[in-house]
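For reference, the structure discussed in these notes is given below.
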């Protein structure tokens, strides 16, 4: 397939679509390598619009890691909006990369990163626009379609559409896959596509769905999942990068051309989380905790700012205040950038006073807009169930501290539909919000303190203790959200300082179907896509009716249904669709933790307490890597004026 | 780069008469406030290095007295019309120029709005009829290809090349078979003869005159 640029044919279409700049490419720090000089070529996709996909850290990391290799290249592609999609179909323009505007079908590998299952229909659009057969078994000299990201820990619903899924951290395995493809091509492609897939199945962390058969019981449950080909592993185990300081990516963050959802540079300060929140798939599948050292963080912040000109840096992780040296990091960075226009933020926050101090330190330059806390559960009882140990007193004290330190707006995140939840648990959120406002007014003497309650429906996820739970049906969720809104407004005096933001429960049911679905759900995705389903993560494009209709059309022949996949509680011995995919977590530990949840028994964080045998470290040969290192950030020479940034060699921190 | 004062400081950049989406331009102007004195050529090179391919900083001059906004009140556009004969365009232009007002509709974020696409047009003719303005059409365009040369005064709402084309369609049923390509060739202050004065001319003269004396704090850039 010719790799010639599609831009001459794309360009005349661009004046006819919304935000054409997103399809142009050429961002600062983007890379365009010579096609013929690379032995292995990757097209990397984030299956959502440019404004969502561009800031994605995972994709930026892989893009750099691949492009640093002399024998490989990577270009990026994002979902095109329906207006361009229909013009591309009309004019026969295929899915293209934004870097070289090359046809995706011309690449050796097409890697798609799924942060959420709601991107599945967009995968089908991209495949179809690229001219790649939707069914993996129909492909021959087409790219190898690789799924990664958190959703790849249960890729069964898209098993028909992908050739390969990769579990866990991508930094190292992407290189190993590249090696395999290069060697296979160099050897004259022995065994063809199947030969290549067999070799890839031998790479740790790589799952090739076609080499596994799924058998079902008469009642619709899975009997077993077994390899159908010699030489492939019974279980595929996730990959874990063990020293983050050795992988300081992205070194040159992309600067978007169009407005994106995150107008900031992100620096990942640690990976993994062992807080043990039972609903949190990210915390479960990224264990153990691996910190980046304070000095490596300082160097990445400095180098990234010099190369980009961003004015805000987010210190990214699943629970950033938990870094063993977060105090020194915050203090060091605040010192370094005092008096500049660089703002610092912690995107994820913990409910305690220390966090407020941290946020204060990071916003020394003066901007104190809002602070976010995530108690997640409305009542203390429910917070024990989900293992988010925050007492009501802690919460009110923390929020008051924030108000006293000059914040006027506090946002509180909750979930609705958690296991064992009752109306009363949700109604306690209203009470909590009222008490927060009352205490905040008393503490500050001001009436202008505000609190926003943001609440969404809970979706049980694979590889978590709640993977067995019955998902709360959307009618119950919506009814509870209405009750909550009414209860907040019932007290007009306090309620007018409280905002309630919520999403209705129906998209969560579809996310639940796709999260815990098996291979039979693939036909539902295909039917929805055929009926026009696109951008399901966007409320203006999502159609519950379309998904429901597809479920009714497709699932009964298997004796299952949308409810069967979502609201049904699973028992201990049911074979789950992802049981052959190993996140390192011990299944018996997960089950015990699920039983503990139901009785409100909490579990500690193993960073500070003895191991509680979740199974990850011994199973994967990994270990917790945390400080403190005892080092500090040395002050740097201040950033130069914007115009001369390129001429100044990068200095490293400390 | 210099920042505005206040609670949420913004970089001091101002664009004058930015071209609409979907057209080419060889004449965009913007002003950047800098925090410290920089060599204009170094600033040009540094900005060029950070911009995507195809966005080129042509020239950077230190701003003399007065703002850029007072030096630009019109644009010259070239519109290539592949598949349209010069005769058809000439006939359409005669009808166009005979009108005082031509109402056209444009789709905006807030729905359809109507505007006059004639009043702001200072001149409109075939490039071939403009002395010294003839250009070789892009080689990829098929014959015939009429090339239009239009000078449009800056107005609110701004009249864009596609508005002029909509007006030609309205008065003379001129419908190009394939998408026209518009390029802004110049911006500047309209003089009595219908020509555009170089917006950076005063700065260049001021910079020359001020070689020995102290310069102003702003850098302007084209």
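Values computed for the structure shown
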{"quantity": "P(r) weight above 46 Å for the protein assembly as shown, C-alpha pairs, percent", "calculated": "34 percent"}
{"quantity": "Cβ-based exposure ranking for A:557, A:11, B:105, A:376, in which fewest neighbours within 10 Å come first", "calculated": "A:557, B:105, A:11, A:376"}
{"quantity": "Sequence of B:208, A:514, A:412, B:51 once ranked by neighbouring C-beta atoms within 10 Å, starting from the fewest", "calculated": "B:208, B:51, A:412, A:514"}
{"quantity": "Cβ-Cβ FRET estimate between residue B:91 and residue A:18, R0 fixed at 30 Å, reported to 0.05", "calculated": "0.30"}
{"quantity": "Förster radius 51 Å - calculated FRET efficiency between residue A:571 and residue B:49, Cβ distance, rounded to 0.05", "calculated": "0.25"}
{"quantity": "Order of A:515, A:242 - criterion: other Cβ atoms within 10 Å of each residue's Cβ, fewest first", "calculated": "A:242, A:515"}
{"quantity": "At 0.692 mPa s and 37 °C, Stokes diffusion of the range A:540-600 via Kirkwood alpha-carbon radius, µm² per second", "calculated": "227 µm²/s"}
{"quantity": "For peptides A:84-91, A:207-214, A:332-339, sequence by mean Cβ density within 10 Å, most packed first", "calculated": "A:207-214, A:332-339, A:84-91"}
{"quantity": "Neighbouring partner chain Cβ atoms per residue of B:43-50, average, 10 Å criterion", "calculated": "4"}
{"quantity": "Label-point gap, in nm, between residue A:408 and residue A:261 - each point 7 angstrom along Cα→Cβ", "calculated": "2.9 nm"}
{"quantity": "P(r), alpha carbons of the range B:73-196 - 10 Å bins starting at zero, rounded %", "calculated": "13, 46, 34, 7, 0"}
{"quantity": "Gain on full stretching of the segment that runs from residue A:391 to residue A:213 - 0.36 nm per residue minus C-alpha separation", "calculated": "59.3 nm"}
{"quantity": "Relative packing of A:92-104, B:190-202, which averages over residues the other C-beta atoms within 10 Å, highest first", "calculated": "A:92-104, B:190-202"}
{"quantity": "Two-site label geometry, residue B:26 and residue B:107: point separation in nm, points 7 Å out along Cα→Cβ", "calculated": "3.1 nm"}
{"quantity": "Residue A:86 versus residue A:2: modelled label distance in nm, points set 7 Å from Cα along the beta carbon direction", "calculated": "2.9 nm"}
{"quantity": "Computed over the range A:186-306, the ratio Rg/Rh where both radii use C-alpha atoms and Rh is Kirkwood", "calculated": "1.11"}
{"quantity": "Number of partner chain Cβ atoms within 10 Å, mean per residue of A:23-33", "calculated": "2"}
{"quantity": "Crossing angle, helix B:161-172 versus chain B [Cα axis fit, 0-90 degrees, rounded to tens]", "calculated": "20 degrees"}
{"quantity": "Estimated FRET transfer efficiency when R0 is 30 angstrom, pair residue A:246-residue A:282 (beta carbons, to 0.05)", "calculated": "0.85"}
{"quantity": "Segment residue A:530-residue A:229, extension gain: residue separation times 0.36 nm, minus the distance between their alpha carbons", "calculated": "105.1 nm"}
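Every read-out reported here was derived from the displayed coordinates using simple, explicitly stated rules and does not represent laboratory data. This structure is a prediction, so every number in the text was calculated from the model and none was measured. Ideal geometry is used to build each Cβ from the backbone, glycine not excepted, and the neighbour counts take in all protein chains shown.
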